[in-house]
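Below is one structure, written out as structure tokens; the observations come after it.
The values are calculated or read from the model by the stated rules, or taken from the named source; none is laboratory data. What you see is a predicted model, and the numbers here were worked out from it, not measured in a lab. Positions of Cβ are backbone-derived with ideal geometry, glycine not excepted, and every protein chain shown enters the neighbour counts. Note: areas computed on protein heavy atoms with side chains; ligands, DNA, RNA excluded. Shrake-Rupley method; radii C 1.70, N 1.55, O 1.52, S 1.80 Å.
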Amino acid sequence: MIELTNVSKTFSSGIDALHNISLTIGKEEFVFLVGSSGAGKTTLLKMLYREDLPTSGKVIVDRVNVAELNPDQVPYLRRNIGVVFQDFKLLPKRTVYENVAFALRVTGAPRSTIRRKAMQALELVGMLRRVSSFPNELSGGEKQRVCIARAIVNNPPILLADEPTGNLDPTTSWDILQLLDKINKRNTTVVVATHNKSIVDEMKKRVIELDGGRLIRDQQLGMYNV
Amino acid sequence: MFSSIEFFIIEAFRSFRRSALMTMVAIVTITVSLTVFGFFLLSIINMGNIVGTFASRLDLVAYTSKDLSLEDAAAVQLKIGKLPGVEKVEFTSKTEAWKKFKGDFGSKLALEEIVHENPLPHTFAVRVRNPDMLPVVAKSISDLEVIDEVRYSGKLIDQMRSMVGAVRAAGIVLVVLLSLATLLIVVNTIRLTVIARETDIYIMKLVGATNTFVKWPFIIEGIMIGVIGGIASFIILKLSYDSAIMQISAALPFLPVVTDQRLLWFVYLVMTMTGVGLGMLGGYISVSRALKNEP
Ligand SMILES: Nc1ncnc2c1ncn2[C@@H]1O[C@H](COP(=O)(O)OP(=O)(O)O)[C@@H](O)[C@H]1O
Ligand SMILES: [Mg+2]
């Protein structure tokens, strides 16, 4: 599903954010991407949905070489990748329903499809009761649920989460991870970048560790620390 | 597709409300520019009309050599009548001309004592179909062997023409400058809403919106600014033109003003569409710039 070959990223500032990374993530896998702050987790995720391009190396997502993708093909790549953020990135002036429907609107989907799929996604994340609330009326955990609903509303085969629990308390974090696990079990490849040790240890999933832009560990049923 | 169009329009209205003050400034600017544009269009059309009307009332006068017989003169009249561009030829024999001249001036000058013989030639008064043909027709008539001289008030017409040309050139320069200034203001207005909606644009792109899709709401916002400015300037211009016509035709009834409704509506339409075009272009430019710097 995801295949990186000798991927390096050097920013114009000279910072070596990724250094010669090679890895493969299979269909429907659940993977934790761990490492301290500045290790290159976010940069790696950005390579996958082409928010940024690698300086060298090959990034293949869903059989497509992302780096060589024609710019007008990028939107179609993105419709196959859901992205969840630490700061949720919800649109403040739109309701929960509108925020989720937004992701379908921009694909030009017909109105009836938009409604059906948005409601399904909101039901899956347990936010059906709050459809007409605005983001500032929600708790952090609820915002993250809406953000996840927006990411999966298109039924993408891949879901990327960048520190999804960074702003949440431990119990809520655990709930969010359960939700991501549930989505993974519905045939979605899930990659979670995090430095939440207790969750990684508890979930016992594959763990890929970065340090200073280098891949230093790739372990099945791993723990946060070796 | 229908749900997308609805989405674009709702999004455009959102932007509209968000930067209401700047939008008002843009609308006023576009209104002023379009009104000036329309004013110049109407002025040029009217001046052209005046020149055309006066010019078409002007005749060419051709003088024959003095000793031409009446029969030959009749043949020349036929020949002139067949020249391209000639509408009408009127012949005045030298006898008629002399009689008229004496009638006009004879009593004052005691002509018979000074001039014993008729000194005047036969004349042809020629009217052309189209004032632009005057120089050409004049040339072909004076090329005829029996014609001594051709006169027409070409200088006056040429002066009027060059005045119209100058106004037109000044109008074009002014309209281009105003259009650029207007475009700049529309671009900056919509840029404000683009900046205010950076997160929206980011999310749209993130969830797979094409650039075209992202651009439409901003283009529609520009079109709305253009439409409102276009309609406002249309109202201003139509009211002022109609009242100006009334006053001019009361004060200077001999002046031919353009009242052809079809032509006037065409001018108003061109003006309004220019506004819509400027607005659309402004929206397109400002959002395209925002979308440019991405990998
Ligand atoms: N746009 C950028 N320009 C320059 N340097 C950057 C940029 N984004 C990230 N970096 C640098 O790249 C390194 C990796 O950053 P990041 O991928 O955000 O780490 P993480 O997500 O693991 O905390 C850091 O040193 C960071 O300062
Ligand atoms: Mg990060």
Inset, instruction - Out of the residues in segment B:184-199 that are farther than 15 Å from B:Leu21 by Cα and surrounded by fewer than 20 Cβ atoms within 10 Å (Cβ to Cβ), state the one that is farthest from the chain's Cα centre (by Cα). - result: B:Thr199
Legend entry - Inter-residue pairs, beta-carbon under 6 Å, first at the interface with chain B (Cβ under 8 Å from one of its Cβ atoms) and assigned to a helix (DSSP H, G or I) and in segment A:95-112, second open to solvent by less than 50 Å² (accessible area, probe 1.4 Å) and not charged (D, E, K, R), 6+ apart: A:Ala103/A:Val153; A:Ala103/B:Val207; A:Arg105/B:Phe7; A:Arg111/B:Ser3
Legend entry - Given (1) among the polar types (S, T, N, Q); (2) farther than 19 Å from A:Asn184 by Cβ; (3) within 14 Å of chain B (Cβ to nearest Cβ), number of the condition A:Asn154 does not satisfy: (2)
Legend entry - Verdict on B:Tyr241 being open to solvent by 10 Å² or more (accessible area, probe 1.4 Å) and either within 18 Å of the chain's Cα centre (by Cα) or not hydroxyl-bearing (Ser, Thr, Tyr) (or both): yes
Inset, instruction - Take the residues in segment A:26-66 that are out of contact with any Phe, Trp or Tyr (no Cβ under 9 Å at 6 or more places or on another chain), of a type in the set (S, T, N, Q) and within 24 Å of A:Asn196 (Cα to Cα), then tell me which one is nearest to ligand 2 (Cβ to nearest atom). - result: A:Thr42
Legend entry - Among the residues listed as B:Leu177, B:Leu269, B:Leu239, the single one being at pLDDT below 90 and part of a helix (DSSP H, G or I): B:Leu177
Inset, instruction - Hey, could you check segment A:1-15 for residues that are away from chain B (no Cβ under 14 Å), more than 16 Å from ligand 2 (Cβ to nearest atom) and farther than 26 Å from A:Ile158 by Cα and say which is most open to solvent (accessible area, probe 1.4 Å)? - result: A:Ser13
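Within segment A:20-46, how many residues turn out to be within 10 Å of ligand 1 (Cβ to nearest atom), touching a helix residue (DSSP H, G or I) at 6+ places or on another chain (Cβ under 8 Å) and either within 14 Å of chain B (Cβ to nearest Cβ) or at positive phi (or both)?
Going residue by residue through segment A:20-46, those that are within 10 Å of ligand 1 (Cβ to nearest atom) are A:33-46.
Then drop every residue that is not touching a helix residue (DSSP H, G or I) at 6+ places or on another chain (Cβ under 8 Å), which leaves A:33-35.
Still in the list and also either within 14 Å of chain B (Cβ to nearest Cβ) or at positive phi (or both): A:35.
So the count comes out to 1.
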Legend entry - Residue count for segment B:70-82, restricted to those that are open to solvent by less than 40 Å² (accessible area, probe 1.4 Å) and either among the polar types (S, T, N, Q) or not assigned by TED's automatic domain parsing to the domain that holds B:Val136 (or both): 0
Legend entry - Condition broken by A:Pro54, with the remaining ones in (1) within 16 Å of ligand 1 (Cβ to nearest atom); (2) in a loop (DSSP other than H, G, I, E, B); (3) surrounded by fewer than 20 Cβ atoms within 10 Å (Cβ to Cβ) satisfied: (3)
Legend entry - Where a residue in segment B:253-280 is assigned by TED's automatic domain parsing to the domain that holds B:Ile235 and its partner, wherever it lies, is part of a loop (DSSP other than H, G, I, E, B), with Cβ under 8 Å and at least six apart: B:Leu264/B:Val258
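Which residues, taken from segment A:120-176, are hydroxyl-bearing (Ser, Thr, Tyr), more than 16 Å from the chain's Cα centre (by Cα) and assigned by TED's automatic domain parsing to the domain that holds A:Ser37?
Across segment A:120-176, the qualifying residues are A:Thr171, A:Thr172.
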Legend entry - Selected residue (criterion: nearest to the other protein chains (Cβ to nearest Cβ)) from residues of segment A:57-67 that are farther than 24 Å from A:Leu177 by Cβ and open to solvent by less than 10 Å² (accessible area, probe 1.4 Å): A:Val66
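Looking for something within 16 Å of ligand 1 (Cβ to nearest atom) and either surrounded by fewer than 18 Cβ atoms within 10 Å (Cβ to Cβ) or under 25 Å from A:Gly40 (Cα atoms) (or both) - is there at least one such residue anywhere in segment A:139-150?
Residues of segment A:139-150 within 16 Å of ligand 1 (Cβ to nearest atom): none.
Checked segment A:139-150: no residue is within 16 Å of ligand 1 (Cβ to nearest atom) and either surrounded by fewer than 18 Cβ atoms within 10 Å (Cβ to Cβ) or under 25 Å from A:Gly40 (Cα atoms) (or both).
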Inset, instruction - Just name the residue that is farthest from ligand 1 (Cβ to nearest atom) out of those in segment A:208-226 that are within 9 Å of A:Ala39 (Cα to Cα) and open to solvent by 70 Å² or more (accessible area, probe 1.4 Å). - result: A:Arg214
Legend entry - Which numbered condition A:Pro164 misses (of (1) assigned to a loop (DSSP other than H, G, I, E, B); (2) open to solvent by less than 10 Å² (accessible area, probe 1.4 Å); (3) away from ligand 1 (no atom under 16 Å from the Cβ)): (3)
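Which of the residues belonging to segment A:68-88 are part of a helix (DSSP H, G or I) and at the interface with chain B (Cβ under 9 Å from one of its Cβ atoms)? Please lay out each step first, then the result.
We begin by selecting, within segment A:68-88, every residue part of a helix (DSSP H, G or I); these are A:68, A:71-78.
Residues satisfying the conditions are A:Pro71, A:Asp72, A:Val74, A:Pro75, A:Tyr76, A:Leu77, A:Arg78.
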